Structure formats: structure tokens, C-alpha cells
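What follows is one structure encoded as C-alpha cells, with my remarks underneath.
The values are calculated or read from the model by the stated rules, or taken from the named source; none is laboratory data. Predicted, not measured: the structure shown is a model, and the values here were computed from it. Here the Cβ positions follow ideal geometry from the backbone for every residue, glycine too, while neighbour counts run over all protein chains shown.
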Amino acid sequence: MSFVNPQFFWILIVPLILFTFLITINKERLSRIFDEKVLKRLSATNESMPMVVRNILMLIAISLMIVAFARPVMEKGDKKVNIQGLTILTALDISGSMRSEDVYPNRLEFAKTKMETFFDQMPSDEIGIVAFAYSPFVLAPFSSDKETLKMMIEGVDDTYINMGSTDFSALGELSASLLEKKKPKILVLFTDGGDEEAIVGFSDILKTNSVDLYVVLVGTDKGAPVIDENGKALTQKDGTIAITQRNDALGELAKENGGAYVLASSGKEDIKQLTSVLRGKYKNQQQDEVTVKERVEYFYYPLGFSLLFLLIAFSSMPKRREV
């Protein structure tokens with residue numbers, strides 16, 4: 001037998017001693033205030049339980065409550081529990097091309113909507129979020145609280161967008177680090193893609209660290225002008241408007257790294273297709289294994305007896321004499 005909260009003995013022992021002391025000296029104080037004949041008329045009749053017995057019952061009840069608060073248990077040893085589900089790292093592209101408006105209202109907002117749909121489709125799974133462009137960073141650690149994850153995504157706005165070139169190698173290194181102790185290792189990108197030259201190093205990092213890549217590609221083949229922070233279209237050196245198109249090379253890389261990709265479209269079918277692939281491939285794989293202490297709780301025994309003693313004590317309250 002042991003106690004989960006033994007500190008309650010030390011915290012409540014002083015109030016118990018004080019309560020006992022006050023009960024003990026109560027009669028003596030009254031006798032100093034009232035005349036003996038007056039006190040006899042004000043005191044309780046002898047038709048009920050004696051005051052001493054009632055006080056003892058109340059002290060026993062309080063003592064049992066303290067024992068219940070300390071939570072007595074019988075330890076049965078450690079038990080390993082498998083937590084079913086997947087651990088998934090999601091990454092949101094915040095490069096300059098995500099301001100383009102070939103999808104409504106722009107690629108960034110469209111990708112955020114797709115991420116929120118993805119969260120809804122994976123209710124019991126643990127998901128983390130990173131944002132990436134020139135330098136990736138963690139937006140939210142792994143969590144199964146999807147509403148909090150959605151709030152983090154909603155907070156990403158136009159001010160986060162980085163006009164520098166996307167460093168996929170840095171994203172790969174960060175992803176490998178965050179997924180190091182996870183099994184399986186799953187990375188899902190929400191992006192408008194990347195050219196073959198930019199993702200060469202990215203591919204090597206994923207393969208070395210056994211990270212499975214999945215991609216949700218936003219944008220169109222036709223493309224749209226690149227928009228700056230002032231909402232104006234960027235121009236190239238020759239004066240023509242810079243156009244950015246969705247690049248599917250990253251999707252092909254996903255297929256080569258044991259994953260898959262979908263082209264983001266209106267509705268939810270694209271995300272449902274992606275989650276279906278994930279569920280099918282990683283069926284019955286556990287998220288983690290945790291060790292918990294197996295205990296038999298006994299707090300309800302002292303708590304039950306304390307309530308019983310209190311009930312007896314208060315139901316036997318002495319009646320006062322009529323003057």
C-alpha cells in the first residue's frame with residue numbers, strides 16, 4: 001500500500017489538530033461566559049448521542065477524508081500501452097510565389113484551407129506544423145489538438161511570406177530532426193512545388209533519414225503573376241511580368257520516396273484521397289509506446305466511511321432545552 005499524494009498528510013494535519021483543540025476547550029470557554037444554571041438551560045438534552053461521541057465521530061470522519069485525499073493505492077507494476085495512430089509533420093510553403101492568385105483568394109490561403117481539411121480528416125493522429133521558404137521554422141509542435149493547430153495556421157498571413165528562394169535542403173534537415181524518433185516518418189508538404197535543381201539535396205536527405213514524402217500541390221499549370229508585399233506584380237529584367245507556375249517535380253519526388261501527391265482542387269476529395277492513401281499504407285501501425293503505472297485505487301473506502309461517520313454525527317445533533 002502506498003499513497004499518490006502523501007503531502008496531504010502534512011498539509012491537513014495542522015487544521016486537524018487545531019479543530020481537535022477547539023472542540024476540547026469549547027465547553028471550558030462557555031462555562032467562563034455563562035452562569036452554570038444558564039448554561040444548563042442552553043445545553044443540549046440527553047435524548048441524543050453524547051457530545052463527546054459525536055465529536056469523536058467527526059474527528060474520525062475528517063481523518064478518513066485526509067487519508068482519501070492522500071489517495072491510497074496498491075501498485076501492480078508498470079504496463080506498456082500502445083497508442084494507435086500516426087505522427088505526421090506538415091509543412092506550409094510561405095515562399096513569394098504563394099501570393100499568386102491563380103487559385104482563390106491566393107495560393108497561401110488556399111493551402112491553409114487544405115491543411116485544415118487535412119486536420120479534420122486525421123482526428124486521432126498527432127500532427128506538427130512547420131513553415132518553410134528560405135529558412136524553415138516550427139509553427140506548432142506535435143499535437144492531437146486539431147483546433148489549436150487550426151488556430152496556428154490561421155495566424156499565418158501575408159506578412160510571413162519570404163521573397164527569398166526556397167531552401168528545400170534546410171526543410172529536409174529540420175524535418176529529419178523532428179521526425180527522428182517517430183515511426184513511421186511522414187512529411188506532408190502544402191506547396192506550389194519546386195524545380196528539379198532545388199530539390200536534389202532534399203531528395204537525398206529524405207532517403208538517408210527514411211522519411212516518406214507526401215505533397216499537396218497548389219496552383220495551376222497556366223500560372224499567375226508573382227505578387228510583392230505591396231500587391232503589385234513583379235517584373236523581370238526585360239520588363240515582362242514574372243509568372244509562377246505550379247511545378248510538379250516535387251510530386252514526382254514524393255512518389256520516388258515511398259509517398260504520393262495530389263493536385264489541390266476545390267472541395268475535399270483531393271484531401272480525402274490523400275488521407276485514404278495514408279490510412280491504407282500505414283494501417284495498424286502504432287504511433288508510440290508509453291509506460292503507465294498500473295494501480296488499484298482504494299481512496300473510495302476511507303471516503304465512504306468518512307461520509308458515513310459524518311452522517312451519523314450530524315443526524316444525532318442534540319436538541320436544545322426550551323427555556
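Pull up the stretch 147-179, narrow it to residues that are β-branched (Val, Ile, Thr) and touching a helix residue (DSSP H, G or I) at 6+ places or on another chain (Cβ under 8 Å), then point me to the one that is nearest to residue 121 (Cα to Cα). Top of the filtered list is 153. Restricting 165, 175, 169 to residues that are over 17 Å from residue 108 (Cα atoms), in contact (Cβ under 8 Å) with a residue 12 or more places away in the chain and surrounded by fewer than 18 Cβ atoms within 10 Å (Cβ to Cβ) narrows the list to 169. Scanning the stretch 309-323 for residues that are at pLDDT 80 or above and surrounded by 14 or more Cβ atoms within 10 Å (Cβ to Cβ) yields 309, 310, 312. Considering 212, 221, 195, 228, the condition of being on the phi < 0 side of the Ramachandran plot, in contact with a strand residue (DSSP E or B) (Cβ under 7 Å, 6 or more places away or on another chain) and touching a residue at least 24 places away in the same chain (Cβ under 8 Å) is satisfied by 212 alone. Does residue 150 qualify as being under 20 Å from the mean Cα position of the chain (by Cα), in a loop (DSSP other than H, G, I, E, B) and surrounded by fewer than 19 Cβ atoms within 10 Å (Cβ to Cβ)? No.
Within the bounds of the stretch 128-138, is there any residue that is part of a strand (DSSP E or B) and of a type in the set (Ser, Thr, Tyr)? No, the stretch 128-138 has no match at all. Taking the stretch 131-146 as the range and being surrounded by fewer than 16 Cβ atoms within 10 Å (Cβ to Cβ), touching a helix residue (DSSP H, G or I) at 6+ places or on another chain (Cβ under 9 Å) and not polar (S, T, N, Q) as the test, the residues that pass are 134, 137, 138, 141. Within the stretch 261-295, can you find the residues that are part of a strand (DSSP E or B) and either at pLDDT 85 or above or among the small types (Gly, Ala, Ser) (or both)? Within the stretch 261-295, 261, 262, 263 qualify. Looking at the stretch 111-118, can you tell me whether even one residue there is crowded, with 20+ Cβ neighbours inside 10 Å, aliphatic (A, V, I, L, M), closer than 26 Å to residue 199 by Cα and out of contact with any strand residue (DSSP E or B) (no Cβ under 8 Å at 6 or more places or on another chain)? Within the stretch 111-118 (the criterion being crowded, with 20+ Cβ neighbours inside 10 Å, aliphatic (A, V, I, L, M), closer than 26 Å to residue 199 by Cα and out of contact with any strand residue (DSSP E or B) (no Cβ under 8 Å at 6 or more places or on another chain)), the answer is no, since none of the residues qualifies. Restricting attention to the stretch 213-253 and to residues that are at pLDDT below 90 and of a type in the set (Asp, Glu), the residue that is surrounded by the most Cβ atoms within 10 Å (Cβ to Cβ) turns out to be 228. When the stretch 212-225 is filtered for residues that are touching a helix residue (DSSP H, G or I) at 6+ places or on another chain (Cβ under 6 Å) and either more than 21 Å from residue 264 (Cβ to Cβ) or in a loop (DSSP other than H, G, I, E, B) (or both), the ones remaining, listed by number, are 218, 219.
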